[in-house]
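Read through the structure below, which is laid out as structure tokens, and then see the notes.
The values are calculated or read from the model by the stated rules, or taken from the named source; none is laboratory data. A quick note: this is a predicted structure, and the numbers were derived from the prediction, not measured. As a convention, Cβ positions derive from the backbone with ideal geometry for all residues, glycine included, and neighbour counts pool all protein chains shown. Accessible surface areas use protein heavy atoms only, side chains included; no ligands, DNA or RNA. Shrake-Rupley method; radii C 1.70, N 1.55, O 1.52, S 1.80 Å.
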Amino acid sequence: MKLATILISALTLAAASSAVSAQKIIAVDGSSTVFPITEAMAEEFQKANPGIKVTVGIAGTGGGFKKFCRGETDISDASRPIKKSEADDCKKAGIEYIELPVALDALAVLVNPKNTWVDYLTVAELKKMWEPEAQGKIMNWNQIRPSFPNAPLKLFGAGVDSGTYDYFTAATVGKEHSSRGDFTASEDDNVLVQGIAGDVNSIGFFGLAYYIENKAKLKAVPIKLNDTAKAVLPADETAKNGTYQPLSRPIFIYVSKKSLDTRPEVAKFVEFYMDPKNATKLVAEVGYVPLPEEALKAFRERVTKRMVGTGFTGSKIGVSVEELIKEKLVY
């Protein structure tokens, strides 16, 4: 009896071990901005496919591409298009990819709720605040606008390895990856939320979805494209119709062609991700703007036809996101 019990236990353990080893794993890493979408997709996909596990990291867009171009991940989340240097790295490593815009986003500029002086900011004022030349010189609020108080300017922003940082600097300073260095930077948007919420003199930027999650702790700043333009708040509708400029953008996933071709579970997950039913429902649930169905259909066609490469040459600033998506329906 004792021997039989031991034998049954051994068989049970062996079966459990076999089940774990047989589990298929899809590796995703990259943008913290795209993370909530991919995480939501992964959770729903795993419920319907218990034998497949999707791991989702937040190394930042740049960090994600480094892993992707080394062949360490199947999918890379990105809050900006792939850079030429990153595309070259992938090419050298023999990594072909399919570029898929998955949602629309807006970068929100946030202040502490107790900030009573900022009614709006112009793009020129954001540049004055963030440009490299501001480091060690523009240190107080009244240096941005004389009517602002003589109080210290506390800056928070996305980490320099982030696509959000690249897009924000391109849109405000005029050059990607160019800003002052004396600000609190983090790849974790929750760190930025806490920093801004904890200091009345703070200001920072990150994706709209994280602001929506933390509306009780933060205040969004309306942005003017120029002195004569209307001040516009970040929102789903203003991101979609292109009135929130220049801080509206598409966000992406990049899928390894090899993974699609050789691993049916990856193809199944990507099909789930780009299904209009899931893409509309889950994208909206986590606070982003779903793509038009026409765009989703076109991008799914890219997967079917294995259309590799990028249709974007860096971040494109100052155009309607819907116009941008329509320009890229055919690569």
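The condition (being within 24 Å of G181 (Cβ to Cβ), free of Cβ contacts under 8 Å to residues at least 60 places away in the same chain and touching an Asp or Glu at 6+ places or on another chain (Cβ under 9 Å)) is satisfied by just one residue among R80, R145: R145.
All of (1) open to solvent by 20 Å² or more (accessible area, probe 1.4 Å); (2) within 21 Å of I138 (Cα to Cα) hold for S202 with one exception: (1).
P250 passes every criterion in (1) of a type outside the set (A, V, I, L, M, F, W, C); (2) under 21 Å from V28 (Cβ atoms); (3) open to solvent by 30 Å² or more (accessible area, probe 1.4 Å); (4) under 20 Å from the mean Cα position of the chain (by Cα) apart from (3). Picking from residues in region 150-176 that are open to solvent by less than 30 Å² (accessible area, probe 1.4 Å) and part of a loop (DSSP other than H, G, I, E, B), the one that is nearest to Y244 (Cα to Cα) is V173. Checking each residue in region 227-273 for being among the aliphatic types (A, V, I, L, M), in a helix (DSSP H, G or I) and in contact (Cβ under 8 Å) with a residue 60 or more places away in the chain picks out A239, L260, V266, V270. Exactly one residue out of K277, K258 is at pLDDT 95 or above, among the basic types (K, R) and over 30 Å from V173 (Cα atoms): that is K258. The residues of region 231-245 that are modelled with pLDDT under 85, open to solvent by less than 40 Å² (accessible area, probe 1.4 Å) and within 18 Å of the chain's Cα centre (by Cα) amount to a single one, A239. Select, from S147, S179, the only residue that is outside any strand (DSSP E or B), within 20 Å of S31 (Cβ to Cβ) and either of a type in the set (S, T, N, Q) or open to solvent by 50 Å² or more (accessible area, probe 1.4 Å) (or both). Going through S147, S179 in turn, just one is outside any strand (DSSP E or B), within 20 Å of S31 (Cβ to Cβ) and either of a type in the set (S, T, N, Q) or open to solvent by 50 Å² or more (accessible area, probe 1.4 Å) (or both): S179. Filter region 83-132 down to the residues that are loosely packed, with under 15 Cβ neighbours inside 10 Å and in a helix (DSSP H, G or I) and list them by number. K84, S85, D88, K91, K92, A124, P132 - these are the residues of region 83-132 that are loosely packed, with under 15 Cβ neighbours inside 10 Å and in a helix (DSSP H, G or I). All of (1) at pLDDT 90 or above; (2) surrounded by fewer than 15 Cβ atoms within 10 Å (Cβ to Cβ) hold for E293 with one exception: (1).
When Q46 is tested against (1) surrounded by fewer than 24 Cβ atoms within 10 Å (Cβ to Cβ); (2) touching a helix residue (DSSP H, G or I) at 6+ places or on another chain (Cβ under 8 Å); (3) assigned to a helix (DSSP H, G or I), exactly one condition is not met: (2).
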